[in-house]
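Participant: So that we are looking at the same thing, I have put the structure below in structure tokens.
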Amino acid sequence: MTHNAIGLTKADYRGAPSTLCAGCGHDSIASQIIAAAFELSLPPHTVIRMSGIGCSSKSAAYFLGRSHGFNSLHGRMPAVTTGAHLANHTLRPLAVSGDGDTASIGLGQFIHLLRRNVPVVYIVENNGVYGLTKGQFSATADEGQELKHAGVNHFPPIDVCAEAILAGCGFVARSFAGDAKQVRELIKAAFHFHGAAVIDIISPCVTFNNHDRSTKSYTYGKTHESPLHDISFVPHYEEIAVDYEPGEVRDVQLHDGPVIRLRKLNRDYDPTDRSAALLLLEQARSTNEFVTGLIYLNEHRPTLAETLGIGNTPIAALSENRLRPSREAFAAVMAELLGER
Amino acid sequence: MQSPQTVVNEFAITAATVNGSGSQTANMVLMRAIFQMGVPVSGKNLFPSNIQGEPTWYTLRVSQAGYIARSAVTPILVAFNPRTANDDLAQLPTDGICLYPADGLWQPQRSDIIPLAIPVRHILDQVGVNQRLRPYATNMVYVGVLAVLLGIEETALLTALRQQFRGRPSAVELNLAVIRAAQSWAAAEPSPAHGKYRVHRMQATRGMMLIDGNTAAAIGALTGGVGVVAWYPITPSSSLIEALESYLPRLRPATDGATCAIVQAEDEIAALGIVIGAGWAGARAMTATSGPGISLMTEFAGLGFFAEIPAVIWDVQRVGPSTGLPTRTAQGDLLSVYYLGHGDTRHVILLPGTMEECFSDAQMAFDLAEQLQTPVFVLSDLDLGMNIWMSHPFPYPEQPLQRGKVLSAEDLARLKTYARFADIDGDGIGYRTLPGNPHPLAATLSRGTGHNERNIYRERPDDWQRNMARLWRKHETARRLVPRPVIEINPQATIGLIGFGSTAPAISEARDLLAAAGVQTSSMRIRALPFGAEVTEFIARHQYCVVVEQNHDGQLRQLLQLHCPAHATRLGSVAWCDGLPLTAPFVRDQVLNCLEQMRESSLLVGTGT
């Protein structure tokens, strides 16, 4: 059995068996989370699994079983994660969310989490549909898309990556659940980023949104993904294992038949240019393609704990003499209130 | 300046002014000066939901007997707001004194009162106050005039000014100049207003201080080890967090990094979410809000209850429903907070009624939240939170923080097995492991979904039922841990008065008024939910109890009737909410009405003495 640098096996990073539909993109992502954590030799107790409500959020139970976690409220995981970070900033939150959880009910919290720069690895498992409630549209569903029960969606999709860039997030990436290596490498890169990192992963819903006309289907994803690939900024990882080369477009045949087009970002793409990143997303939208890879990178913002001046010791671990005023300080305040000074 | 008709140390003043004109500062100087003379005072600020320009009233009660409820009648009116002057004048009793600016258009049209026109502009001209400061200085003019009429000592005024303008000597100087000019004018002005009401030095406030409940709570929270604060601004709770922010550097200096993180959240949902996340990760975390914020926090409150996460939530109550009266006081959130959340949710609530309790409850709430692993609510209100009250200085805590049942990695190594919700001690409370605990057994996925003893998602009916039964067991444990009610037994009494929170002074004074009317009463002030055994005992030993509270539906009475159904018909209700703190005569009259009704329905026999 293979052990990593801290002597753990891959099994030590597994979770409970998945109860999601067979073939669900979320399970592929869970596998890559496990692989990334194993390869990074993350001590499990230094990671906290954070999620909201939905199919994606359920998946928090399916990986990193030796890490603490909180499967919280629909759309409110960012607040819980913010609180956990303030209490113990030495823990690294790994958040899994969905398009309903992040872009619909939780859009406000998502943006405020990024604006405060809570150093979370935030994975959006984006399928454009509500699975657990049986197939309603989410806010990332395509305009004009048809679903069996929900009918036609008349509204434009919210672009999670564009929102993240505008909110000040310093690591914004997009990938496709079927591209295991790219997903894994992006997760590993995100763990090495000092700040909030968002990875929007198109994760087809095999049950409710895998029609060829949906841009969140395997068919579409594989035919329209246009990956921008430059993760050479990750100095720890020389080996960028992806199925195809940067700048290349590849059509991939999936197990259930559909073909999707992927376009990886070219090596010369500069992810540190905010305007260029937004322009790229806008161009991809107009050509109905998904660019995948690291879209935007800005390593210069302090984390929330840094902004608030939290020291090395987590607040949760402060001793009683630091959590209480000294007798002298307390007495001085009382004396002032009594008008004695 | 004194006649046999002089009223000493037992009167009240209403200052009617314009919001945003600095009148609160003038009123505070007046209040502090009388307090400095050792005479008990209380102040009620009736202010609008407005930044500048709307009418505002301040009622200052002076009572050598120590009565601090809002005064029903105020014989001295400062009519400095022409917009409300006619209505204000109508409230003035016969022989009352009405101070008003001589240079305004309004004049009091009543022959049964004592008018006193003050040449405000002339006095300010004398001092040479510039145009920008005039609106503020105007209010200091009535302070000077009242100081002469009431005989407020010079040293007391000076001390009050220095306390009010701490560290701003130029402000003290300017305001003192205005007060002195007004004093000179008033002393030379012949008026029957002289000598009618006087303040005589006493010793009743020695060793005491003036403070508001929000500041008391902030100092209490900092003393109680708060580590994470998340909030969203809302009247009347904002000043609690602002006080916390201002005292933080002095009480908990960041010598080696911040000892408390404060975040203004995007809304109240996020505020409680942050608190729940921080409590889960092991910090003492709190938020403060009011009714509308409580509504938004509902889902997280239920999660905290069910996932068993410590949290402290201050609800500084205001008048609802909806936006209601944002700047007026009420006790209308008791029922909704007790059951806040869908399904079978039930919370622990502390009910402070004094400044000392605002301070101590702020600490105890954290102890209880961590011991019981649950959100603990503290229900204050606008009257407690924002008005200034007399208080004894707060004691430095002598007990260590109660951090509850938390297992370390060493504990787990020793135990070799762990189940998050196993009720090992029979009190319904399991053992927590905090995130970051390196032991392989420590990790658990907290969740709002149904779970078994090991915190694993389960939908089995028996798992659900067993878990809920344990939560009710925990609620019974809470019943034993929360503060006891404050009970005063009058051995002659067959009538009991029951209340909670800021109505205590009105109820206490009403008991004296009732005794004067021949009705002896005992009293019980509820300090927490769930109710303990003493609550039932008190009700059982009285023939009839009247529950006095500031809401429409008698929420405390409803909860007491549920708690002791055998006594339900012997619980009367005085439930009233108009946004103003209750007065003692009102409580007396309502209690007498209530007793009369009970007599008519034969539930009460005899005179009730």
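The values are calculated or read from the model by the stated rules, or taken from the named source; none is laboratory data. Please read all numbers here as calculations on a predicted model, not as lab measurements. Here the Cβ is made from the backbone with ideal geometry for all residues, glycine too, and neighbour counts use every protein chain on show.
Participant: From the list A:ALA335, A:ALA329, exactly one residue is part of a helix (DSSP H, G or I) and either under 28 Å from the mean Cα position of the chain (by Cα) or more than 7 Å from chain B (Cβ to nearest Cβ) (or both). Which is it? Spell out how you get there, then give the answer.
Facilitator: Values: A:ALA329 fails: either under 28 Å from the mean Cα position of the chain (by Cα) or more than 7 Å from chain B (Cβ to nearest Cβ) (or both).
It is A:ALA335.
Participant: Mind checking whether some residue in the stretch B:65-76 is touching a Gly at 6+ places or on another chain (Cβ under 7 Å) and over 20 Å from B:GLY579 (Cα atoms)?
Facilitator: The answer is yes; a qualifying residue exists.
Participant: Right, another one. Scan the stretch B:421-436 and give yes if some residue there is without any contact (Cβ under 8 Å) to a residue 12 or more places away in the chain, in the same structural domain as B:TRP472 (by TED's automatic domain parsing), under 39 Å from the mean Cα position of the chain (by Cα) and surrounded by 17 or more Cβ atoms within 10 Å (Cβ to Cβ), otherwise no.
Facilitator: no
Participant: Still on this structure, please answer the following. Could you check, for the stretch B:580-591, whether at least one of its residues is over 24 Å from B:THR329 (Cβ atoms) and out of contact with any Phe, Trp or Tyr (no Cβ under 7 Å at 6 or more places or on another chain)?
Facilitator: No.
Participant: I'm trying to understand the selection: among the residues of the stretch A:91-105, which are more than 7 Å from chain B (Cβ to nearest Cβ) and closer than 25 Å to A:SER31 by Cα?
Facilitator: Of the residues in the stretch A:91-105, the ones more than 7 Å from chain B (Cβ to nearest Cβ) are A:92-105.
Residues satisfying the conditions are A:ARG92, A:PRO93, A:LEU94, A:ALA95, A:VAL96, A:SER97, A:GLY98, A:ASP99, A:GLY100, A:ASP101, A:THR102, A:ALA103.
Participant: Oh, and also: Within the stretch A:248-264, is there a residue that is surrounded by 24 or more Cβ atoms within 10 Å (Cβ to Cβ), touching a Phe, Trp or Tyr at 6+ places or on another chain (Cβ under 8 Å) and either under 17 Å from A:ASP159 (Cβ atoms) or modelled with pLDDT of 80 or more (or both)?
Facilitator: yes
Participant: Looking at (1) assigned by TED's automatic domain parsing to the domain that holds B:THR289; (2) touching a strand residue (DSSP E or B) at 6+ places or on another chain (Cβ under 6 Å), which is the one condition that is false for B:TYR142?
Facilitator: Going through the list (1) assigned by TED's automatic domain parsing to the domain that holds B:THR289; (2) touching a strand residue (DSSP E or B) at 6+ places or on another chain (Cβ under 6 Å), B:TYR142 breaks only (1).
Participant: Pick out the one residue from A:THR133, A:THR140 that is touching an Asp or Glu at 6+ places or on another chain (Cβ under 6 Å) and more than 14 Å from chain B (Cβ to nearest Cβ). Step through it out loud before you land on a result.
Facilitator: Numbers: A:THR133 fails: touching an Asp or Glu at 6+ places or on another chain (Cβ under 6 Å).
Selected residue: A:THR140, the only one of A:THR133, A:THR140 that is touching an Asp or Glu at 6+ places or on another chain (Cβ under 6 Å) and more than 14 Å from chain B (Cβ to nearest Cβ).
Participant: If you don't mind, another one. Of all the residues that make up the stretch A:307-341, how many are on the phi > 0 side of the Ramachandran plot and at pLDDT below 95? I'd like the intermediate steps shown before the answer.
Facilitator: Quick first cut of the stretch A:307-341, residues on the phi > 0 side of the Ramachandran plot only: A:309, A:339.
Now drop any that are not at pLDDT below 95, which leaves A:339.
Final tally of qualifying residues: 1.
Participant: From the list B:GLU242, B:GLU266, pick out the single residue that is outside any strand (DSSP E or B), closer than 25 Å to B:ASN50 by Cα and within 7 Å of chain A (Cβ to nearest Cβ).
Facilitator: Exactly one residue qualifies, and that residue is B:GLU266.
Participant: Would you mind finding the one in B:THR215, B:THR235, B:THR259 that is touching a Pro at 6+ places or on another chain (Cβ under 8 Å) and more than 8 Å from every other protein chain (Cβ to nearest Cβ)?
Facilitator: Going through B:THR215, B:THR235, B:THR259 in turn, just one is touching a Pro at 6+ places or on another chain (Cβ under 8 Å) and more than 8 Å from every other protein chain (Cβ to nearest Cβ): B:THR235.
Participant: Also, quick follow-up: Which residues, taken from the stretch B:187-218, are crowded, with 18+ Cβ neighbours inside 10 Å and without any contact (Cβ under 8 Å) to a residue 60 or more places away in the chain?
Facilitator: B:THR215, the sole residue that qualifies.
Participant: Still on this model: Out of the residues in the stretch B:415-436 meeting the condition of being in contact with a strand residue (DSSP E or B) (Cβ under 9 Å, 6 or more places away or on another chain) and within 13 Å of another protein chain (Cβ to nearest Cβ), tell me which one is nearest to B:LEU368 (Cα to Cα).
Facilitator: Only one residue tops the list, namely B:ARG432.
Participant: Let me ask another. Tell me which of these B:ALA221 doesn't satisfy, since it passes every other one: (1) small (Gly, Ala, Ser); (2) within 14 Å of chain A (Cβ to nearest Cβ); (3) in contact (Cβ under 8 Å) with a residue 12 or more places away in the chain; (4) not in a helix (DSSP H, G or I).
Facilitator: The number of the failed condition is (4).
Participant: Test of understanding: among B:MET364, B:MET355, B:MET390, B:MET386, which residue is surrounded by fewer than 22 Cβ atoms within 10 Å (Cβ to Cβ) and in contact (Cβ under 8 Å) with a residue 60 or more places away in the chain?
Facilitator: Residue meeting the stated conditions: B:MET390.
Participant: Still on this structure: Can you say whether A:ARG66 is at pLDDT 95 or above, surrounded by fewer than 24 Cβ atoms within 10 Å (Cβ to Cβ) and either facing another protein chain (nearest Cβ under 7 Å) or in contact with a helix residue (DSSP H, G or I) (Cβ under 6 Å, 6 or more places away or on another chain) (or both), as far as the supplied structure shows?
Facilitator: The answer is yes for A:ARG66.
Participant: For the subset of the stretch B:593-609 comprising residues that are surrounded by 19 or more Cβ atoms within 10 Å (Cβ to Cβ) and either of a type in the set (A, V, I, L, M) or over 18 Å from B:SER523 (Cα atoms) (or both), which member is modelled with the lowest pLDDT?
Facilitator: B:LEU604
Participant: Condition first: out of contact with any Asp or Glu (no Cβ under 8 Å at 6 or more places or on another chain) and under 16 Å from A:HIS85 (Cβ atoms). Now tell me which residues in the stretch B:219-263 satisfy that.
Facilitator: Hits for the stretch B:219-263 are B:GLY227, B:VAL228, B:VAL229, B:ALA230, B:GLY257, B:ALA258, B:CYS260, B:ALA261, B:VAL263.
Participant: Of the residues that sit in the stretch A:72-90 and are of a type in the set (Ser, Thr, Tyr) and more than 14 Å from the chain's Cα centre (by Cα), which one is nearest to the other protein chains (Cβ to nearest Cβ)?
Facilitator: Per the criteria, the residue is A:THR82.
Participant: Output the number of the condition that A:ILE34 fails; it satisfies all remaining conditions of (1) over 19 Å from A:ILE123 (Cα atoms); (2) touching a residue at least 24 places away in the same chain (Cβ under 8 Å); (3) surrounded by fewer than 24 Cβ atoms within 10 Å (Cβ to Cβ); (4) hydrophobic (A, V, I, L, M, F, W, C).
Facilitator: (1)
Participant: Let me ask you something else. Which of the residues belonging to the stretch B:302-312 are assigned to a helix (DSSP H, G or I), under 21 Å from B:ASP367 (Cβ atoms) and within 11 Å of chain A (Cβ to nearest Cβ)? Quick ask: steps written out before the conclusion?
Facilitator: Of the stretch B:302-312, the ones assigned to a helix (DSSP H, G or I) are B:302-307.
Next, only the ones that are under 21 Å from B:ASP367 (Cβ atoms) stay: B:304-305, B:307.
Passing the criteria: B:GLY304, B:ALA307.
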